[in-house]
Amino acid sequence: MAFALLLASCQEKKDAPVIEKDNSVRDSLQQVIDFKDREINDILGTMNEIQEGFRLINAAEGRMSIIKSGEAVNKTEQIRENIRSISEMMEHNRELITKLRQQVRESSVRSDQFKTVIDNLVQQLDDNDAQLQQLQAELQEKDIHIAELDQTVSNLNSSIASLKEESAIKTETITAQDKLINTAWYVFGTKKELQSQNIYEKGRVLQSNFNKSYFTKIDIRIEKEIKLYSKSVKIMTAHPASSYQLIRDANKQYVLRINNPQSFWSTSKYLVVLVK
């Protein structure tokens with residue numbers, strides 16, 4: 001009986017270290033598992049954050065497609081803001097992928113799947129980068145086009161202003177020339193009156209420095225009849241006989257009727273009539 005108790009006691013002492021050893025191993029394994037779980041969770045957390053970044057990038061690109069095809073007033077500015085937002089999110093994702101690489105490299109978890117995932121994320125980032133560059137090029141072309149259009153409109157407005165100014169000058173010149181072409185001067189008076197203005201001298205007219213202000217200016221296109229207020233008249237300047245008539249009014253006084261103004265005034269723009 002004593003032997004049996006001694007044997008049992010020895011067996012109990014022998015089993016105790018084994019149990020303690022098993023518990024220690026189990027605790028160590030649990031610590032390893034917990035550590036690997038934390039590593040995996042950190043890696044998966046970074047991956048999820050990267051995927052969320054790509055989701056936001058795709059959403060921004062979708063908004064940009066709607067803006068480009070729509071009729072927004074400030075379309076260019078909205079596209080520019082979205083590109084700025086996409087660029088910032090892509091930069092953040094680039095930093096997260098660098099972080100993910102470091103996590104996988106330093107992790108005790110060895111898995112080729114992580115490398116494949118990282119390669120896929122890098123490829124996705126490269127694709128987004130290419131799309132961003134294309135969008136930036138399109139916006140740049142749009143900005144250049146708008147700038148050229150503004151310059152074209154500005155040049156066009158300047159050209160129109162210049163043309164208007166030139167046209168106004170030409171019109172004014174033409175009007176002045178036309179007015180001058182169709183302007184004539186006439187005078188009628190007695191011999192004494194005409195002599196006093198140096199208009200009539202020794203049976204001839206307009207030979208010296210006559211007083212031009214004594215003449216009446218007319219527009220030959222409008223005024224085709226000149227009342228002479230006399231019953232005795234003599235036209236002293238040369239005018240085609242077929243281009244005019246001397247008719248009498250109700251008071252038997254003469255009126256010069258010009259039937260063909262262009263012909264009448266073709267030989268002289270000054271008309272001198274001697275009256276009594």
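The values are calculated or read from the model by the stated rules, or taken from the named source; none is laboratory data. Keep in mind the model is a prediction, meaning the values are calculated, not measured. Glycine also receives a Cβ, built like all others from the backbone with ideal geometry; neighbour counts cover every protein chain displayed.
Could we say that I220 is at pLDDT below 90, surrounded by 10 or more Cβ atoms within 10 Å (Cβ to Cβ), under 60 Å from the mean Cα position of the chain (by Cα) and not small (G, A, S) here? No: the conditions fail for I220. For T152, indicate whether it is of a type in the set (S, T, Y) and at pLDDT 65 or above. Considered against the rule, which asks whether it is of a type in the set (S, T, Y) and at pLDDT 65 or above, T152 comes out as no. When you scan the stretch 27-36, do you find a residue that is basic (K, R) and modelled with pLDDT under 70, even just one? Scanning the stretch 27-36, I find no residue that is basic (K, R) and modelled with pLDDT under 70, so the answer is no.
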